[in-house]
Amino acid sequence: MVILPIIAVASPLKGPHRVVNGQGVNLVPLFQWWTNHHGARPLTAWVHVTGTIVGTNGFNWVVQAHVEDTGRNKSEDEGKRPAVTGDQRIVLRNSPMTDRAEFERLVARDKELKSERGKTAHVESQAKSQAESSGGTYYGRRSRARAVAQAQAQETEREAVGELKELDKQIKDVETKLASYPTKDHYSVDCFALDTGKMQNGLPVFDHGMSWQ
């Protein structure tokens with residue numbers, strides 16, 4: 001199988017419109033800033049969180065995370081804990097479960113397509129060998145039988161080649177989408193989340209919010 005390498009970068013720019021505590025939040029300005037880091041960073045309470053899920057509780061995840069330092073004043077919100085940055089275990093509320101489900105669907109589809117491609121490649125290889133072995137010079141009935149067998153093998157080979165091209169196209173499409181995730185072997189958190197300033201069971205709480213279109 002020859003598929004050109006996928007050039008893409010994992011990105012947290014998903015779900016620009018969120019709802020947190022019943023309030024709509026527009027993250028478009030942050031997403032736009034993130035692409036070029038030009039000017040002052042907007043929405044500094046919304047931080048970039050990456051990491052691995054180590055526990056779940058309903059819509060909440062416990063994440064071994066790395067939390068972006070946005071440089072905001074850590075005491076600007078009176079009555080709340082200081083801003084959390086660096087490597088921390090956190091609680092992520094309203095976790096991006098839809099994003100995780102899409103990742104798992106893509107991984108399963110990628111595996112399915114590659115399995116199907118392997119089978120089709122085997123059919124193509126066998127048909128090609130059969131067509132070549134039927135190409136000798138024969139006479140009489142044997143010649144006609146060989147010609148029929150060769151034609152059938154060549155047709156099977158052509159069909160398999162066409163199927164392989166379509167499968168390669170689908171595999172490339174799936175892997176392009178998978179390239180937007182940090183890892184391909186398991187789901188990793190890569191998103192923007194609101195630092196709520198709260199604690200839960202000794203862990204700082206962040207809120208991804210509910211995404212809506």
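Give the residues of the range 147-176 that are under 13 Å from the mean Cα position of the chain (by Cα) and surrounded by fewer than 17 Cβ atoms within 10 Å (Cβ to Cβ), sorted by residue number.
Passing the criteria: LYS172, ASP173, THR176.
Give me the residue from the range 177-213 that is part of a strand (DSSP E or B) and of a type in the set (S, T, N, Q) and, out of that set, surrounded by the most Cβ atoms within 10 Å (Cβ to Cβ).
Top of the filtered list is THR196.
Could you check GLN23 against (1) surrounded by 16 or more Cβ atoms within 10 Å (Cβ to Cβ); (2) over 12 Å from CYS191 (Cβ atoms) and say which number it fails?
(1)
Quick one: LEU178 ticks every box in (1) out of contact with any Lys or Arg (no Cβ under 8 Å at 6 or more places or on another chain); (2) under 30 Å from ARG93 (Cβ atoms) except a single one, so which number is it?
Exception for LEU178: condition (1).
Of the residues ILE90, ILE171, only one is more than 30 Å from ARG18 (Cβ to Cβ) and of a type in the set (Val, Ile, Thr); which?
Result: ILE171 is the single residue among ILE90, ILE171 that is more than 30 Å from ARG18 (Cβ to Cβ) and of a type in the set (Val, Ile, Thr).
Taking the criterion of being farther than 30 Å from GLN154 by Cβ and either in contact with a Cys (Cβ under 9 Å, 6 or more places away or on another chain) or modelled with pLDDT under 90 (or both), would at least one residue in the range 102-109 satisfy it?
no
All but one of (1) modelled with pLDDT of 95 or more; (2) crowded, with 17+ Cβ neighbours inside 10 Å; (3) under 29 Å from GLY24 (Cα atoms) hold for ARG89, so report the exception by its number.
All conditions are met except number (2).
The values are calculated or read from the model by the stated rules, or taken from the named source; none is laboratory data. Please read these numbers as outputs of a predicted model, since none were measured by experiment. Cβ: placed from backbone, ideal geometry, glycine included. Neighbour counts: every protein chain shown.
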